[in-house]
Ligand code: NAD
Ligand code: MLT
């Protein structure tokens, strides 16, 4: 059986597939047109976030039995089309949770203390002590939108930094939140009370542009915004306006509505904006875990019919 891997994954996962006797074709960064052309040859497809598994791809896939996501988010897969064709879609839900949470914390520290801007200035030979005055996190209110796997770890670490943590998540009970040391509030209350707002929901019809013009208008002046979940949850044009007006003191995005980001994206021109190119899961540990786990899941399904983490 043939497995196509169309995004970069760790070598350890590829070895598991080969050792199980599967033929592996490794083509990270495969262009969409080429994917359409070669997909009929394959029994399995392994992806991360770059490959778009559209209805068109699924329609062309004559032999495809399983799609494996080496990671969490499945918004780049047409799940309904896969389902209708009987193709199993699997992911590795917890494999990169810790890395994504730690990246979120790194971005919180980075915007609070203007670290990337100060490093860039230092490297230009400047010594601008007055320009880079930051804020402490101690006693600040952190608003978490989405108290799932990643949101909960962010909450735990933020409590250690002595932040006051509140969260909005319609699928979590106040008791469950309380056990994590978190006060569950409505979205409006979170927007009104938070000094820092971090997003950890999936991208769905309900969360698309959840943070829009109206949401920004409810926030405190000088709020900081972090998004390590999915592009599209924040309306980027509204964020730009809120940053220019001074409502938002700083923003850090790891994810964008269109990736890779256009180098002329207006947000990139703002001094108080920082971003990373979807690096939340990019650690040696997380990449090894998700590659090994998705490879094992695929082998178990293709050779033994065992299904794990199907969605
Ligand atoms: P999860 O499913 O464990 O948690 C998501 C939480 O969001 C759940 O508790 C759910 O109840 C809540 N939620 C759903 N709809 C909501 C809504 N409308 N309003 C508020 N809350 C809502 O997911 P996770 O593993 O914590 O991942 C969270 C996000 O992070 C996903 O979008 C995932 O794709 C993304 N992610 C990004 C990276 C990265 O590299 N930046 C890495 C891993 C995961
Ligand atoms: C995920 O949802 O797991 C992230 O997008 C991480 C990734 O694969 O880059």
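Just to be sure, is residue 156 under 18 Å from the mean Cα position of the chain (by Cα), on the phi < 0 side of the Ramachandran plot and either surrounded by fewer than 15 Cβ atoms within 10 Å (Cβ to Cβ) or within 16 Å of ligand 1 (Cβ to nearest atom) (or both)?
no
Output the number of the condition that residue 141 fails; it satisfies all remaining conditions of (1) farther than 17 Å from residue 193 by Cα; (2) in contact with a helix residue (DSSP H, G or I) (Cβ under 7 Å, 6 or more places away or on another chain); (3) more than 16 Å from ligand 1 (Cβ to nearest atom); (4) in contact (Cβ under 8 Å) with a residue 24 or more places away in the chain.
Of the numbered conditions (1) farther than 17 Å from residue 193 by Cα; (2) in contact with a helix residue (DSSP H, G or I) (Cβ under 7 Å, 6 or more places away or on another chain); (3) more than 16 Å from ligand 1 (Cβ to nearest atom); (4) in contact (Cβ under 8 Å) with a residue 24 or more places away in the chain, the odd one out for residue 141 is (1).
For the range 96-110, does any single residue satisfy the condition of being outside any helix (DSSP H, G or I) and either in contact with a helix residue (DSSP H, G or I) (Cβ under 7 Å, 6 or more places away or on another chain) or more than 16 Å from ligand 2 (Cβ to nearest atom) (or both)? Steps first, please.
Applying the first criterion (outside any helix (DSSP H, G or I)) to the range 96-110 yields 96.
Pick out the ones that are also either in contact with a helix residue (DSSP H, G or I) (Cβ under 7 Å, 6 or more places away or on another chain) or more than 16 Å from ligand 2 (Cβ to nearest atom) (or both) and you get 96.
Checked the range 96-110: at least one residue is outside any helix (DSSP H, G or I) and either in contact with a helix residue (DSSP H, G or I) (Cβ under 7 Å, 6 or more places away or on another chain) or more than 16 Å from ligand 2 (Cβ to nearest atom) (or both).
Across the range 254-311, what is the total count of residues that are more than 19 Å from residue 67 (Cβ to Cβ), touching a helix residue (DSSP H, G or I) at 6+ places or on another chain (Cβ under 6 Å) and part of a helix (DSSP H, G or I)?
4
Anything in the range 258-304 that is surrounded by 15 or more Cβ atoms within 10 Å (Cβ to Cβ), more than 16 Å from ligand 1 (Cβ to nearest atom) and within 24 Å of residue 3 (Cα to Cα)? List them, or say none.
Passing the criteria: 292, 295, 296, 297, 298, 299, 300, 301, 302.
Just give me the residues in the range 50-72 being within 16 Å of ligand 2 (Cβ to nearest atom) and either farther than 22 Å from residue 292 by Cβ or surrounded by 17 or more Cβ atoms within 10 Å (Cβ to Cβ) (or both), in sequence order.
51, 52, 53, 67, 68, 69, 70, 71, 72
Within the bounds of the range 63-80, is there any residue that is within 16 Å of ligand 1 (Cβ to nearest atom), closer than 25 Å to residue 261 by Cβ and part of a helix (DSSP H, G or I)?
No.
Conditions: (1) under 21 Å from residue 211 (Cβ atoms); (2) more than 19 Å from the chain's Cα centre (by Cα). Residue 175 meets all but one. Number of the miss?
The failed condition is (1).
Checking the conditions here, which among 14, 38, 58 is in a helix (DSSP H, G or I) and farther than 30 Å from residue 100 by Cα?
Being in a helix (DSSP H, G or I) and farther than 30 Å from residue 100 by Cα holds for just one of 14, 38, 58, which is 38.
Tally up the residues in the range 70-106 that are touching a residue at least 40 places away in the same chain (Cβ under 8 Å), more than 12 Å from the chain's Cα centre (by Cα) and over 22 Å from residue 13 (Cβ atoms), please.
2
Within the range 20-31, restricting attention to residues that are under 30 Å from residue 97 (Cβ atoms) and free of Cβ contacts under 8 Å to residues at least 24 places away in the same chain, which residue is surrounded by the fewest Cβ atoms within 10 Å (Cβ to Cβ)? Give the derivation first.
Initial filter on the range 20-31 (under 30 Å from residue 97 (Cβ atoms)): 20, 22, 24-30.
Cutting the leftovers down to free of Cβ contacts under 8 Å to residues at least 24 places away in the same chain gives us 24-29.
Values: 24: 18, 25: 13, 26: 16, 27: 14, 28: 12, 29: 9.
Selected residue: 29.
If residue 307 satisfies every condition in (1) closer than 30 Å to residue 250 by Cβ; (2) more than 11 Å from ligand 1 (Cβ to nearest atom) but one, which is the exception?
Of everything listed in (1) closer than 30 Å to residue 250 by Cβ; (2) more than 11 Å from ligand 1 (Cβ to nearest atom), residue 307 misses just condition (1).
Only the coordinates and a few stated rules stand behind these numbers; no lab work does. Model, not experiment: these values are computed from the prediction. Cβ sites come from the backbone with ideal geometry, for glycine too, and all protein chains shown count toward neighbours.
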